[in-house]
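The values are calculated or read from the model by the stated rules, or taken from the named source; none is laboratory data. Quick caveat: nothing in here was measured; it's all calculated off a predicted structure. Cβ placement follows ideal geometry from the backbone for every residue including glycine, while neighbour counts extend to all protein chains displayed.
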Ligand code: CU1
């Protein structure tokens, strides 16, 4: 049952930096429900014996770059508001973005996430398409190619942190994909 650990320790022996394990657990770019995600590199006792080699790039890359990451905290409320409407960052910089649902209403009625779209993706069309994806927390995997980064869907009192690298300069829309929220819960990531 310790196979995964043995694997990890040998990686350490090879000089792979795993020191910043506190920061690695949040990296995930195409978020898709908790169970489907294969992108999570955290050593979680794997439910099966199928131990694949640690998911390539992600484990290794994040910690080193994260030291200079821009840390952003966005609060979302029970009244459907983000307290941040604009995030500015320079190209290539790592961003550690935490979304905090500071309300008390559960996610079924007042769920919030923060979805950053790739450049040129139509937010209204995306939001419309996401409406039908309740089972995927309104972030359908079929639209993953349109997403730069996204948090989980949160209920009151919950928070989630994502880590991503600021892409090419430009303006990127972010919003909450919970039905009906994007009209007010939105903002822009501005990469300079
Ligand atoms: Cu929301």
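Sort through 168, 129, 183 and tell me the only one that's touching a residue at least 60 places away in the same chain (Cβ under 8 Å) and either surrounded by fewer than 19 Cβ atoms within 10 Å (Cβ to Cβ) or away from the ligand (no atom under 12 Å from the Cβ) (or both).
Just one listed residue meets the conditions, 168.
Can you tell which of 149, 127, 108 is more than 24 Å from residue 70 (Cα to Cα) and in contact with a strand residue (DSSP E or B) (Cβ under 9 Å, 6 or more places away or on another chain)?
Among 149, 127, 108, only 127 is more than 24 Å from residue 70 (Cα to Cα) and in contact with a strand residue (DSSP E or B) (Cβ under 9 Å, 6 or more places away or on another chain).
Which condition from (1) outside any strand (DSSP E or B); (2) away from the ligand (no atom under 12 Å from the Cβ); (3) more than 17 Å from the chain's Cα centre (by Cα) is the one that residue 156 breaks?
Only one criterion in (1) outside any strand (DSSP E or B); (2) away from the ligand (no atom under 12 Å from the Cβ); (3) more than 17 Å from the chain's Cα centre (by Cα) is unmet by residue 156, namely (2).
Residue by residue through region 78-116, note down the ones that are more than 15 Å from the ligand (Cβ to nearest atom) and crowded, with 19+ Cβ neighbours inside 10 Å.
Scanning region 78-116 gives 87, 89, 94, 95, 97.
Would it be correct to say that residue 139 is assigned to a loop (DSSP other than H, G, I, E, B), under 14 Å from the mean Cα position of the chain (by Cα) and at pLDDT 95 or above?
Yes: the conditions hold for residue 139.
What about residue 58, is it touching a helix residue (DSSP H, G or I) at 6+ places or on another chain (Cβ under 9 Å), away from the ligand (no atom under 15 Å from the Cβ), modelled with pLDDT of 90 or more and not in a loop (DSSP other than H, G, I, E, B)? Talk me through it step by step, then tell me what you get.
On the way: touching a helix residue (DSSP H, G or I) at 6+ places or on another chain (Cβ under 9 Å): yes; away from the ligand (no atom under 15 Å from the Cβ): yes; modelled with pLDDT of 90 or more: no; not in a loop (DSSP other than H, G, I, E, B): yes.
Considered against the rule, which asks whether it is touching a helix residue (DSSP H, G or I) at 6+ places or on another chain (Cβ under 9 Å), away from the ligand (no atom under 15 Å from the Cβ), modelled with pLDDT of 90 or more and not in a loop (DSSP other than H, G, I, E, B), residue 58 comes out as no.
Go through region 155-165 and give me each residue that's surrounded by 16 or more Cβ atoms within 10 Å (Cβ to Cβ), out of contact with any helix residue (DSSP H, G or I) (no Cβ under 6 Å at 6 or more places or on another chain) and closer than 16 Å to residue 76 by Cβ.
Residues satisfying the conditions are 156, 158, 159, 160, 161, 162.
What number of residues within region 114-125 satisfy the criterion of being in a loop (DSSP other than H, G, I, E, B) and under 16 Å from residue 95 (Cβ atoms)? Break it down into steps so the answer makes sense when it comes.
If we filter region 114-125 for residues that are in a loop (DSSP other than H, G, I, E, B), which is where we start, we get 114, 118-122.
If we keep only those that are under 16 Å from residue 95 (Cβ atoms) as well, we get 114, 118-119.
Number satisfying all stated conditions: 3.
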